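Derivation of every value follows stated rules applied to the coordinates shown; laboratory data play no part. Because the structure is predicted, anything quoted here is derived from the model rather than measured. Virtual Cβ from ideal backbone geometry, glycine too; neighbours counted across all protein chains shown.
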Amino acid sequence: MSNVIDLEREYKICNLCKGKYCAHKVSIFSVLTEQQLAKLTEKISHKNYKKGQIIFFEGDISDKLYVINKGKIKIFKYTREGKEQILYILSEGDFVGDLSLLKKDEFKFNAEALEDANICVLTKDDFDGIIKESPEIAIEILQVVYDRIVKLENLIQSLSTKDIEARIAGLLLSFVKDFGMAKGDVIELELPLSREDIANYIGVTRETISRKLGSMQDQGVIELVGSKKIIINDIEELEYMTT
């Protein structure tokens with residue numbers, strides 16, 4: 001009876017997706033037909049995580065693809081000094097563990113739910129069977145891996161070559177792309193991270209973040225609304241700050 005209930009629950013979760021199938025949100029599956037997507041969905045399991053719950057730890061065996069169906073998660077590492085360094089913020093439609101579909105390994109980072117999240121999980125073993133039927137998926141995977149590497153290289157370059165104001169401006173611009181909403185001449189941005197998390201992301205202190213954001217507000221570039229909302233008044237000036 002419990003298996004029947006679990007299947008019914010997963011079916012309801014799939015029906016809540018904006019796409020017909022949760023796998024449809026992942027770019028590497030865009031080449032699949034509706035029939036292949038249906039077959040793929042049969043292999044996917046669903047897991048719910050509470051805010052602050054760890055999804056996996058650095059060192060865990062990585063043999064699964066995780067697709068964020070709902071909520072946000074952060075991918076992070078710890079420095080030698082024990083300080084948290086955020087690598088990615090993932091939201092609905094994003095995924096992690098794509099390299100696990102190529103080869104089982106160990107995770108080189110941690111994943112934690114930033115808010116209550118529902119995640120779809122596909123194992124490497126199940127995916128191997130599917131990719132044998134549709135080998136063109138391998139090409140899509142290589143493109144996604146390339147984009148991920150470029151993004152990480154850009155982050156490393158930004159941390160090592162740009163000043164703090166440029167790093168903050170660049171981070172805000174990346175958040176605008178995923179979480180911003182145009183309202184007339186301004187952009188409202190709901191921050192997916194706390195200021196402490198932002199500080200960890202770009203490698204500075206929380207006090208520095210608050211001081212720099214305050215300076216941007218004094219210049220009229222942004223307006224701070226509480227601790228989790230920012231109004232972007234001058235997007236062009238914000239872009240200029242990154243140069």
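Details
- Backbone HN-Hα couplings from phi across region 211-227 [Karplus 6.51/-1.76/1.60, Hz, Gly and Pro as x]: 5, 5, 5, x, 5, 4, 5, 4, 7, x, 6, 9, 9, 8, 10, x, 9
- Put a dot 7 Å past the Cα of K151, heading toward its Cβ, do the same for E42, and the two dots end up 3.2 nm apart.
- Counting lysine pairs in region 69-121 whose alpha carbons fall under 26 angstrom apart, excluding pairs fewer than 8 residues apart on the same chain, gives 14.
- Straightening the chain between D163 and S210 buys 15.4 nm, computed as 0.36 nm per residue apart minus the Cα-Cα spacing.
- Simple Cβ-charge dipole of region 75-151, Lys/Arg +1 and Asp/Glu -1, about Cα centre, in debye nearest 20: 480
- A crude spin-label estimate for the pair I139 and E106, with each label 7 Å from Cα along the Cβ direction, gives 3.6 nm.
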